[in-house]
Amino acid sequence: MSSKTALVSGSSITPYDVVAHPGGKIIYSINNGSQDVALFLVDGNGAINYWKSITIPGSLTEIKIHPDGHSLFVADLAGLIYSYKINSVNGDLSYSGNISSGGTFIHSITISPNGRTLYSLNAGTNDISQFNVNQNDGTLQLRRIYTTGNYPFRISLTPDSRHLYSLNRNSQNIYLFNVDPENSDLTLATIFPLGADAFDMAVYSTYQ
């Protein structure tokens, strides 16, 4: 590995997920072993260098950045979602608060392209939580909870935000929900059988 692509992990242990800021100058990773978010700076040559870590106690599962680049969200297996404001100058994080999803074992979260809604997939309770996102500080307000298949593991929105998919491992199927364009509420449309223990999925970007 060349020095341009070498990533120095600092004291982070057991990294689990990673996301890059839309501005391209900073990368965030969640680390289960050290229970933190690690911040890495990206210089003009593409080199990635460890900067600092921010403690988040818990088994962290996924990290997402709001489409406007001003907020960051971290989910954990206990069913909590942590919100952070992102400093617009240096990418540092400041804690905004946390909220329970109403379920447990969050394995996946996704944010609508307009940034107004966040969904969490709760494997321990077989449901999906829908949150309204405060556009000023990134805090979340629980709106509704929907039943999905057995042990849901991945969630994905279509690029036009018209449909949401929940991949369910134990029931070996995918639930397709229609998304209300006004309030982002979900309505179950159909269930697709898989016939296998699927682990992940992706939505084709030119979906019509």
- Task: Taking the options 137, 197, 180, 185, name whichever one is of a type in the set (Asp, Glu) and under 18 Å from the mean Cα position of the chain (by Cα).
- Result: 137
- Of the residues that make up region 130-146, is at least one under 21 Å from residue 83 (Cβ atoms), in contact (Cβ under 8 Å) with a residue 12 or more places away in the chain and of a type in the set (Lys, Arg)? yes
- Subset of region 39-62 that is surrounded by fewer than 17 Cβ atoms within 10 Å (Cβ to Cβ) and among the small types (Gly, Ala, Ser) - its residue that is farthest from residue 16 (Cα to Cα): 44
- Give region 27-38 a look and list any residue that's farther than 13 Å from residue 13 by Cα and surrounded by 21 or more Cβ atoms within 10 Å (Cβ to Cβ), or say none. 28
- Query: Is it true that some residue in region 22-30 is of a type outside the set (Phe, Trp, Tyr), outside any strand (DSSP E or B), in contact with a Lys or Arg (Cβ under 7 Å, 6 or more places away or on another chain) and modelled with pLDDT under 95?
  - Reply: no
- Task: Identify the single condition in (1) out of contact with any Pro (no Cβ under 8 Å at 6 or more places or on another chain); (2) farther than 22 Å from residue 104 by Cα that residue 138 does not satisfy, given that it satisfies every other one.
- Result: (2)
- Message: If I ask for residues that are over 17 Å from residue 183 (Cα atoms) and either part of a loop (DSSP other than H, G, I, E, B) or out of contact with any strand residue (DSSP E or B) (no Cβ under 9 Å at 6 or more places or on another chain) (or both), which ones from region 152-173 would you list?
- Response: 169, 170, 171, 172
- Message: Is it the case, given these coordinates, that residue 88 is among the hydroxyl-bearing types (Ser, Thr, Tyr), out of contact with any Gly (no Cβ under 6 Å at 6 or more places or on another chain) and part of a loop (DSSP other than H, G, I, E, B)?
- Response: yes
- If you check 138, 103, 149, which single one turns out to be in a loop (DSSP other than H, G, I, E, B), touching a Phe, Trp or Tyr at 6+ places or on another chain (Cβ under 6 Å) and surrounded by 14 or more Cβ atoms within 10 Å (Cβ to Cβ)? 149
- Query: What's the number of the condition residue 49 fails, among (1) polar (S, T, N, Q); (2) under 26 Å from residue 153 (Cα atoms); (3) in contact with an Asp or Glu (Cβ under 9 Å, 6 or more places away or on another chain)?
  - Reply: (2)
- Item | Some residue of region 72-79 being in contact with a His (Cβ under 8 Å, 6 or more places away or on another chain), in a loop (DSSP other than H, G, I, E, B) and touching a residue at least 60 places away in the same chain (Cβ under 8 Å) | no
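The values are calculated or read from the model by the stated rules, or taken from the named source; none is laboratory data. Bear in mind that the values here come from a model prediction, so they are computed numbers and not experimental data. As a convention, Cβ positions derive from the backbone with ideal geometry for all residues, glycine included, and neighbour counts pool all protein chains shown.
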